[in-house]
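Asker: Provided herewith is a single structure, encoded as structure tokens, for subsequent inquiry.
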Amino acid sequence: MTDDILNPIDDQVAEFKRAIESIVLVAHDPVPAELLAQLLEQPTVLIQQWCDELAASYSESAHGFELVHVAGGFRYQTVSDLAPYVERFLLHDQRARLSGAALETLAIVAYKQPISRAQVAAIRGVDPDGVLRTLHARGYIDEVGRDPGPGQAILYGTTNSFLEKLGLSSLDDLPAIAEFIPGAEVVEALEAGLRVTPVIEVAPSQIAGSQIDGATRSP
């Protein structure tokens, strides 16, 4: 019996692959190989092998979808070269789009996590409560802990759903933030362009008073 499980015959392998396809297809989140191994009662190493073989077969057949490993599990997604058609379809559903403020806040959480509401507000300069609630409701961020300081503020971090939407395996796959930061010379030029020389306005009465005081003190 053990040999049958560790070394399934071809017919069993075909059935196991079909089972993997069915499970991953109906799953809302990426399915870990360990979970598939439990469900199919097969070693994880074989699950990984079969998933790789399925992915290769889809690629060779030039399907419009692929089996990928993201956020710690397997899922189906559309192939990247068909993105323009998929985006055109998704644009019809405005609810699927995040506002600029939401995207900005999500980026702050992604790169600064764990981060509190007050810290997000300090970076953005506006109250982020509404945006944080939206991101939390959509499953992109979640409460990951409490600040040990006074008040024990809630700390936010990104979720596996966030990684899944971006097609990332982990946060280490995020682009280096330095790629989006302008160089020192650019910052200096911007600061010079925005620098304003203060203008001090003096009331006429103060000018007149100063002239009278000067005339009084003169010999």
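Asker: Go through (1) surrounded by 10 or more Cβ atoms within 10 Å (Cβ to Cβ); (2) part of a loop (DSSP other than H, G, I, E, B); (3) modelled with pLDDT of 85 or more one by one and return the number of the condition Arg133 breaks.
Answerer: Every condition holds for Arg133 apart from (2).
Residues checked against (1) at pLDDT 90 or above; (2) in contact with a helix residue (DSSP H, G or I) (Cβ under 6 Å, 6 or more places away or on another chain):
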residue: Pro84; (1), (2): no, no
residue: Leu90; (1), (2): no, yes
residue: Gly100; (1), (2): no, no
residue: Ile141; (1), (2): yes, yes
residue: Tyr156; (1), (2): yes, yes
residue: Thr159; (1), (2): yes, no
residue: Leu171; (1), (2): no, no
residue: Ile177; (1), (2): no, yes
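Asker: Quick one: is Tyr76 of a type in the set (Phe, Trp, Tyr) and closer than 13 Å to Gly167 by Cβ? Walk me through it before giving the result.
Answerer: Details: of a type in the set (Phe, Trp, Tyr): yes; closer than 13 Å to Gly167 by Cβ: yes.
For Tyr76, the condition - of a type in the set (Phe, Trp, Tyr) and closer than 13 Å to Gly167 by Cβ - is met.
Asker: From the list Arg75, Arg18, Arg88, which one is surrounded by 13 or more Cβ atoms within 10 Å (Cβ to Cβ), basic (Lys, Arg) and either touching an Asp or Glu at 6+ places or on another chain (Cβ under 7 Å) or not assigned by TED's automatic domain parsing to the domain that holds Gly139 (or both)?
Answerer: Details: Arg18 fails: surrounded by 13 or more Cβ atoms within 10 Å (Cβ to Cβ); Arg88 fails: surrounded by 13 or more Cβ atoms within 10 Å (Cβ to Cβ).
Result of the check over Arg75, Arg18, Arg88: Arg75.
Asker: Given the residues Val109, Val79, which is the only one that is of a type in the set (A, V, I, L, M) and touching a residue at least 40 places away in the same chain (Cβ under 8 Å)? First the steps, then the outcome.
Answerer: Values: Val79 fails: touching a residue at least 40 places away in the same chain (Cβ under 8 Å).
The unique qualifying residue is Val109.
Asker: List the residue pairs whose Cβ atoms are under 8 Å apart, where the first residue sits in segment 49-73 and is touching a residue at least 24 places away in the same chain (Cβ under 8 Å) and of a type in the set (A, V, I, L, M, F, W, C), the second is in a strand (DSSP E or B) and surrounded by 18 or more Cβ atoms within 10 Å (Cβ to Cβ), and the two are 6 or more positions apart or on different chains.
Answerer: Matching pairs, first to second residue: Cys51/Leu67; Cys51/Phe74; Leu54/Leu67; Leu67/Phe74; Leu67/Arg75; Val68/Phe74; Val68/Arg75.
The values are calculated or read from the model by the stated rules, or taken from the named source; none is laboratory data. This structure is a prediction, so every number in the text was calculated from the model and none was measured. So basically every Cβ, Gly included, is an ideal-geometry build from the backbone, and we count neighbours across all protein chains shown.
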